[in-house]
1. Those residues that are β-branched (V, I, T) and either at pLDDT below 95 or within 17 Å of H132 (Cβ to Cβ) (or both), I need them from region 146-173; list them, please.
2. State the number of residues belonging to region 50-99 that are modelled with pLDDT under 90 and among the hydroxyl-bearing types (S, T, Y).
3. Among the candidates L352, L281, which residue alone is over 24 Å from K189 (Cα atoms), of a type outside the set (S, T, Y) and modelled with pLDDT of 95 or more?
4. Mind checking which residues of region 196-235 are surrounded by 20 or more Cβ atoms within 10 Å (Cβ to Cβ), over 16 Å from A57 (Cα atoms) and touching a Leu at 6+ places or on another chain (Cβ under 9 Å)?
5. Looking at M202, M220, M272, which is the one that is more than 24 Å from E49 (Cα to Cα), touching an Asp or Glu at 6+ places or on another chain (Cβ under 9 Å), of a type in the set (A, V, I, L, M) and in contact (Cβ under 8 Å) with a residue 40 or more places away in the chain?
6. Go through region 109-167 and report how many residues are polar (S, T, N, Q) and farther than 28 Å from K208 by Cβ.
7. Got at least one residue in region 210-233 being modelled with pLDDT under 85 and assigned to a helix (DSSP H, G or I)?
8. Name the single residue that is modelled with the highest pLDDT among those in region 284-305 being farther than 17 Å from V340 by Cα, of a type outside the set (A, V, I, L, M) and surrounded by 14 or more Cβ atoms within 10 Å (Cβ to Cβ).
Amino acid sequence: MSKQRIYLDYNATTPIRSEAKTAVMSAMEQVGNASSVHQEGRKARGLIETAREQLAALVNAQTKEITFTSGGTEANNMVLASDLGALGKKTPLAATLMSAIEHPSLLKAQSLSNHPVELIKVNENGQIDLNHLEQLLKIWQEKSDLPVLVSIMWVNNETGAVQPIVEIANIVHQYAGFLHVDAIQALGKINIDFTSLNIDLMSLSSHKIGGVLGAGALVMRLGILADSYIKGGGQELGLRAGTESVPAIAAFGAAAKACQSELKNTNHYIAMRATLEKNILNISPQAVIFAQNSNRVATTSCFAISGIAAERALMSLDLAGIAISSGSACSSGKVSQSHVLKAMGVDNELALCALRLSFGYKTTESELAIFAEEYANIYKRITLRAQKQAV
C-alpha cells in the first residue's frame with residue numbers, strides 16, 4: 001500500500017473543501033440557464049445570487065459590486081483591458097503602474113492596455129517602494145490630465161509578502177488615480193473589508209480558497225465604470241458576457257462561507273511556519289528565508305539553500321511523496337529565475353535554489369515535520385556528493 005502524499009502547494013491551488021464539493025454536486029443535479037425566465041432558470045439564478053451574497057459577506061462588499069468571472073486571470077485582464085471612470089464618465093487612462101513582482105496575469109497582459117505601462121520598484125523584502133510609486137504618479141500627473149491606474153498584488157504568491165494597501169491607496173488617490181488590488185492570495189488569509197478600504201477594484205479566485213477551478217470575481221466599487229471585456233449577452237450586469245458556470249460559482253460561494261473561520265487560525269499557522277523555518281535553518285544555517293523581515297501571510301514560506309537546485313529538490317521531494325513548488329504554478333514546466341526574487345535583488349544562483357512551501361486548512365504539524373526531514377536528507381546527499389567530488 002502506497003503511503004499518503006503530502007500536499008504543500010496551496011498557493012497554486014487549494015484542496016477542494018467538502019462544502020464546495022457538496023455545492024457543486026448539488027448544482028450539477030439541476031438544469032437551467034441562469035438567464036432563462038422559467039423555473040429552472042430562476043433556480044440557477046438563485047444559486048448564483050446566493051454565492052454572490054456569500055462572497056460579499058467574506059470581503060464586506062455589496063453584492064452589486066461583484067462580477068463573476070472564469071478566474072483570477074480573467075479578472076486581472078478585465079482591469080487592464082478597460083478604460084475606467086467615475087461619476088458617470090469613462091475616460092482613457094494616461095498609464096498603468098504595477099509592481100515588478102506582479103502575477104504573470106498582469107505582467108504578461110500589458111499589451112491589453114492602450115497606454116504605457118511602468119513598473120514600480122520593490123525593496124529586498126519584497127515591499128513596494130512607496131517613494132518610487134509617488135514619484136511615478138507625480139511624473140504622470142505633470143504629463144497628462146488623464147488618470148493613472150495602479151495595480152498591486154496584495155499578497156505575493158511566491159514570498160507571501162503583504163503590501164501596505166492602505167498607504168498605497170492613500171497615495172494613489174492623492175493623485176486622483178484608480179487602484180486595482182489583486183487580492184487572490186489574500187482571500188481567506190487576511191481580513192478584507194472592501195467597504196472600508198480605499199480601493200476601486202479587486203480580483204479574487206475560487207480555487208485559492210478551496211472552491212473548484214473555473215470561477216473568480218472582480219469586485220468593483222459602486223460608481224466606478226469599466227468596459228465589458230467579453231462581448232455577448234448581458235450577463236453579470238453587462239460587465240461579463242457568457243452563460244455563467246453555475247456549479248463553479250456555487251462552489252465559490254460555499255468555499256467563501258466555509259473559510260470565514262480560517263482567519264481565526266492565523267496564530268496557529270504562524271507557529272507552524274516558525275517551526276518549519278527553524279527546521280530549515282537547522283538543516284543549514286546558511287539557508288535564506290525570502291521576505292523574512294516583511295509582513296507575510298502565515299501560510300507561505302519561500303526559502304533556499306545555496307547549492308540545492310530547486311529542480312533537483314522538487315523531483316526528490318515528489319518521489320518522497322511531497323508536493324511543493326519553486327514559484328508560481330502558472331510558470332510550471334520549467335525552473336527558471338523567479339521574476340519576483342530578481343526584482344528583490346536576489347542573485348540568479350540563489351534564486352534557482354528557491355522553493356515555495358504553502359499550506360492551509362488541511363495541513364498538520366507532522367506533515368511539515370516530514371517535509372523538513374526529507375529536505376534534510378536531500379541536503380545531506382547533495383552535500384556528501386559535492387564533498388566526494390572535491391576530493
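1. Residues satisfying the conditions are V148, V150, I152, I165, I168, I171, V172.
2. 2
3. L281
4. I199, D200, L201, H207, K208, A226, Y229
5. M272
6. Number of matching residues: 5.
7. no
8. For region 284-305, the residue satisfying everything is T299.
The values are calculated or read from the model by the stated rules, or taken from the named source; none is laboratory data. Predicted, not measured: the structure shown is a model, and the values here were computed from it. Glycine gets a Cβ as well: all are built from the backbone with ideal geometry, and neighbour counts include every protein chain shown.
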